[in-house]
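Trainee: Please read through the structure below; I'll follow up with questions.
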Amino acid sequence: MEGIAVYQVTIIGIVRTVKESATRLDYEIDDMTAPPLEVRQFVDNDEDTPDNERTLAMRENTYVRLYGHMRAFGGKTSVVAFRVVPIVDMNELTMHLLEVMHSQMVLTQSVIGGGGGGTVQSGMDYTAEGTGYQADYGLTPIQSQVQAVIRACPDEQGISVTSIAQKMRGLPPQSLKEAIEFLSGEGHIYSTVDDEHYRSTDAM
């Protein structure tokens, strides 16, 4: 997009086809911008998995939101999804369209230089201790700082909520909890060994 490589995405579209297997769900999801996108979601739905822990396939001809990583192979683009959820309120679709338009405007106005060497200027310069990471568009300053702390952790098990609080000195516990819940719900971070440890989906 405007010379910037895109890796992690959230997409809203209509499920055109779905194929189920014990280890994978294969979708064709149409977001109306190009031919339907191939989406793969790896699951653990073997015979020993309890029904309440199985990942359910989305139905055809329904709107869904997916979070995942872009993949390109042989000139073909696909997405490996780590979360696919149904759209239950069509206001979410309207909001998504507005976010897309806003992101396009920001990129068009803020890219410096041309080709693959362009960089985006951030309108905010909030940094978290020890990360030197600038705020992401679409996130509040607090959410950006929390994400930066989590992203900077190199450990496979991620960083604990206690450690995040120590780095974010002065941040009220409730604000930290709300930021983590938001980032997790939007697919920016995920829990690892337990609900108190988190890792960024695009960790360094």
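The values are calculated or read from the model by the stated rules, or taken from the named source; none is laboratory data. Since this is a predicted model, take the numbers as computed values, not measurements. Because the Cβ atoms are built from the backbone with ideal geometry, glycine has one as well, and the counts that use them run over all protein chains shown.
Trainee: Does GLU178 qualify as being in the same structural domain as VAL84 (by TED's automatic domain parsing), modelled with pLDDT of 80 or more and of a type in the set (Asp, Glu)?
Mentor: no
Trainee: Ok, one more. Say we look at region 28-55 and pick out the residues that are among the hydroxyl-bearing types (Ser, Thr, Tyr) and at pLDDT below 85; which of these is surrounded by the fewest Cβ atoms within 10 Å (Cβ to Cβ)?
Mentor: The residue in question is THR49.
Trainee: A follow-up question, please. Going by the conditions given, is TYR126 modelled with pLDDT under 75 and either of a type in the set (A, V, I, L, M, F, W, C) or outside the structural domain of LEU66 (by TED's automatic domain parsing) (or both)?
Mentor: Here the answer is yes, as TYR126 does meet what is asked.
Trainee: Additional query: Pull up region 147-204, narrow it to residues that are in contact (Cβ under 8 Å) with a residue 40 or more places away in the chain and touching a Leu at 6+ places or on another chain (Cβ under 7 Å), then point me to the one that is surrounded by the most Cβ atoms within 10 Å (Cβ to Cβ).
Mentor: That would be GLN147.
Trainee: Could you count how many residues in region 12-23 are of a type in the set (Lys, Arg) and surrounded by 13 or more Cβ atoms within 10 Å (Cβ to Cβ)?
Mentor: 1
Trainee: While we're looking at this one, here's another question. Could you check region 56-69 and list, in sequence order, the residues that are surrounded by 15 or more Cβ atoms within 10 Å (Cβ to Cβ) and under 19 Å from THR17 (Cα atoms)?
Mentor: Answer for region 56-69, where residues must be surrounded by 15 or more Cβ atoms within 10 Å (Cβ to Cβ) and under 19 Å from THR17 (Cα atoms): ALA57, MET58, TYR63, VAL64, ARG65, LEU66, TYR67, GLY68.
Trainee: Please tell me if GLN134 is at pLDDT below 85 and outside the structural domain of VAL15 (by TED's automatic domain parsing).
Mentor: yes
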